[in-house]
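Novice: One structure coming up, written as structure tokens, with questions to follow.
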Amino acid sequence: MPGSSSGTLLVVVQGAVGGQLAAPYYTEKGLTMGCKVCRYLGWIANPKTRQADPCPECGGRAAPGMPMHEDTILYPTLRKYVRETSPESYLEIGTREGASLATVIVADTDRHIKRLAIVDPWGGDFGGSGRGNHLHIERLLADLKYTGEALFYDDYSRHVLKKVRGCFDLILVDGDHSAPGCLFDMTTSIEKLCVGGLMIIDDVTHPEHSYLMDVVEKFCLEHSDITMIYASTEYSGVAVLQKNKKVESVKNV
Ligand SMILES: C[S@@+](CC[C@H](N)C(=O)[O-])C[C@H]1O[C@@H](n2cnc3c(N)ncnc32)[C@H](O)[C@@H]1O
């Protein structure tokens, strides 16, 4: 059930050695900023094993389960639309270690976002890191100096998504990657998307979930008030839907 965020627990270490600042990532000292080598949310030295060897530039290591470098189109897509649309509210379904959430918060440089809702059971499903609770995300938000509201729904979306109140300018669907699960998340959260708001669906052409693109396309065909404004097949696929004003039927005179 929802619980609100609390105080800072990790120390922010600004500026990796010799690097240009980018997005945050973790070191043994806590959250720090990306350097020019690991650049985004950490460093992966061996793409086959995905072992987090330390970044040779700054010595940083990714947290367990965290995407260790920017190997997915999701993050640049989130950054682009946050910068272009300045959302004030963000609903995220599927947060894991907070890489997508951190990307959104960091891209929101003028601090427009005042309301967050985060839905995740924190288990091991669909790439979950199995932490069992959201405390690491409270720490992350505190490290990022996020001061708005953060409501946590620590359960599967099918149990809690309908309880999420209000409308959101930006929604990320990145939790249940089964076809019915993703369809449920889109159908339920589209009701919570503000007019003009964006819903981003991740992994739509991921090798293990490539059926999701069909699910998204069918969903758009069935919703006359939804337009797909962007899609990419770059690893691991992303689709961006926008909610338009419903066109009322026009009477012939
Ligand atoms: C692919 S990861 C999300 C990655 C994250 N968005 C990022 O970019 O760092 C999927 C997450 O969805 C969560 N999850 C799995 N099934 C879910 C469900 N039915 N409802 C909500 N979250 C779910 C998992 O616990 C996991 O943390």
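Novice: Mind checking which pairs have a first residue in the stretch 135-162 that is over 16 Å from Thr95 (Cα atoms) and a second that is within 11 Å of the ligand (Cβ to nearest atom) and part of a loop (DSSP other than H, G, I, E, B), Cβ under 9 Å, 6 or more apart or different chains?
Specialist: These pairs meet every condition: His159/Pro121.
Novice: Give me the pairs, please: first residue somewhere in the stretch 87-108 and within 15 Å of Gly148 (Cβ to Cβ), second residue anywhere and away from the ligand (no atom under 13 Å from the Cβ) and among the polar types (S, T, N, Q), beta-carbon distance under 9 Å, and either six or more positions apart or on two chains.
Specialist: Asp108/Ser86
Novice: Answer yes or no as to whether Asp155 is within 26 Å of Glu138 (Cα to Cα) and crowded, with 22+ Cβ neighbours inside 10 Å.
Specialist: Numbers: within 26 Å of Glu138 (Cα to Cα): yes; crowded, with 22+ Cβ neighbours inside 10 Å: no.
For Asp155, the condition - within 26 Å of Glu138 (Cα to Cα) and crowded, with 22+ Cβ neighbours inside 10 Å - is not met.
Novice: Could you please find all residues in the stretch 154-172 being assigned to a helix (DSSP H, G or I) and within 12 Å of the ligand (Cβ to nearest atom)?
Specialist: If we filter the stretch 154-172 for residues that are assigned to a helix (DSSP H, G or I), which is where we start, we get 157-163.
Answer for the stretch 154-172, where residues must be assigned to a helix (DSSP H, G or I) and within 12 Å of the ligand (Cβ to nearest atom): Ser157, Arg158, His159, Val160, Leu161.
Novice: Quick one: which residue in Leu144, Leu135, Leu101, Leu151 is among the hydrophobic types (A, V, I, L, M, F, W, C), away from the ligand (no atom under 13 Å from the Cβ) and touching a helix residue (DSSP H, G or I) at 6+ places or on another chain (Cβ under 9 Å)?
Specialist: Numbers: Leu135 fails: touching a helix residue (DSSP H, G or I) at 6+ places or on another chain (Cβ under 9 Å); Leu101 fails: away from the ligand (no atom under 13 Å from the Cβ); Leu151 fails: touching a helix residue (DSSP H, G or I) at 6+ places or on another chain (Cβ under 9 Å).
Of the residues listed, the single one that is among the hydrophobic types (A, V, I, L, M, F, W, C), away from the ligand (no atom under 13 Å from the Cβ) and touching a helix residue (DSSP H, G or I) at 6+ places or on another chain (Cβ under 9 Å) is Leu144.
Novice: From (1) more than 22 Å from Tyr81 (Cα to Cα); (2) over 16 Å from the mean Cα position of the chain (by Cα); (3) touching a residue at least 24 places away in the same chain (Cβ under 8 Å), pick out the condition that doesn't hold for Glu222.
Specialist: (3)
Novice: Might you let me know whether the stretch 210-223 holds any residue that is at pLDDT below 95 and out of contact with any Lys or Arg (no Cβ under 9 Å at 6 or more places or on another chain)? Break it down into steps so the answer makes sense when it comes.
Specialist: Step one: filter the stretch 210-223 for residues at pLDDT below 95, giving 210.
Then keep just the ones that are out of contact with any Lys or Arg (no Cβ under 9 Å at 6 or more places or on another chain); that gives 210.
Yes, some residue in the stretch 210-223 is at pLDDT below 95 and out of contact with any Lys or Arg (no Cβ under 9 Å at 6 or more places or on another chain).
Novice: Let me ask something additional. For the subset of the stretch 104-125 comprising residues that are within 11 Å of the ligand (Cβ to nearest atom) and surrounded by 17 or more Cβ atoms within 10 Å (Cβ to Cβ), which member is farthest from His177 (Cα to Cα)?
Specialist: We begin by selecting, within the stretch 104-125, every residue within 11 Å of the ligand (Cβ to nearest atom); these are 104, 118-125.
Still in the list and also surrounded by 17 or more Cβ atoms within 10 Å (Cβ to Cβ): 104, 118-122.
Values: Val104: 21, Ile118: 17, Val119: 14, Asp120: 13, Pro121: 14, Trp122: 15 Å.
Out of the qualifying residues, it is Val104.
Novice: Another question about this same structure. Filter the stretch 225-253 down to residues that are at pLDDT below 90, under 20 Å from the mean Cα position of the chain (by Cα) and basic (Lys, Arg), then give me how many there are.
Specialist: 0
Novice: Out of everything in the stretch 189-248 that is in a loop (DSSP other than H, G, I, E, B) and aromatic (Phe, Trp, Tyr), what residue ends up being nearest to His159 (Cα to Cα)? Working first, answer last.
Specialist: Of all residues in the stretch 189-248, those in a loop (DSSP other than H, G, I, E, B) come to 191-192, 203-211, 223-225, 233-237, 244-248.
Subsequent filtering for residues that are aromatic (Phe, Trp, Tyr) retains 211, 235.
Numbers: Tyr211: 24, Tyr235: 30 Å.
The qualifying residue nearest to His159 (Cα to Cα) is Tyr211.
Novice: Please state which of the following conditions Gly175 fails to meet, knowing it meets all the rest: (1) of a type outside the set (A, V, I, L, M, F, W, C); (2) touching a strand residue (DSSP E or B) at 6+ places or on another chain (Cβ under 6 Å); (3) part of a strand (DSSP E or B).
Specialist: All conditions pass for Gly175, except number (3).
Novice: Select from the stretch 172-194 the residues that are small (Gly, Ala, Ser) and farther than 11 Å from Val215 by Cα and write down the one among them that is surrounded by the fewest Cβ atoms within 10 Å (Cβ to Cβ). Break it down stepwise before answering.
Specialist: Here is the first cut: in the stretch 172-194, the ones small (Gly, Ala, Ser) are 175, 178-179, 181, 189.
Checking the rest, the ones that are also farther than 11 Å from Val215 by Cα come to 175, 189.
Values: Gly175: 26, Ser189: 22.
Filtering first and then ranking leaves Ser189.
Novice: Quick one: in the stretch 58-98, which of the residues that are within 10 Å of the ligand (Cβ to nearest atom), outside any loop (DSSP other than H, G, I, E, B) and at pLDDT 95 or above is farthest from the chain's Cα centre (by Cα)? Outline the logic, then answer.
Specialist: The initial filter retains those residues of the stretch 58-98 that are within 10 Å of the ligand (Cβ to nearest atom), namely 65-67, 72, 74-75, 78, 92-98.
Those still in the list that are outside any loop (DSSP other than H, G, I, E, B) too: 74-75, 78, 92-93.
Subsequent filtering for residues that are at pLDDT 95 or above retains 92-93.
Values: Glu92: 6, Ile93: 8 Å.
Looking at residues that are within 10 Å of the ligand (Cβ to nearest atom), outside any loop (DSSP other than H, G, I, E, B) and at pLDDT 95 or above, I get Ile93.
The values are calculated or read from the model by the stated rules, or taken from the named source; none is laboratory data. Note that the structure is a prediction, hence the values are computed from the model and not measured. All Cβ positions, glycine included, derive from the backbone under ideal geometry; neighbour counts span all protein chains shown.
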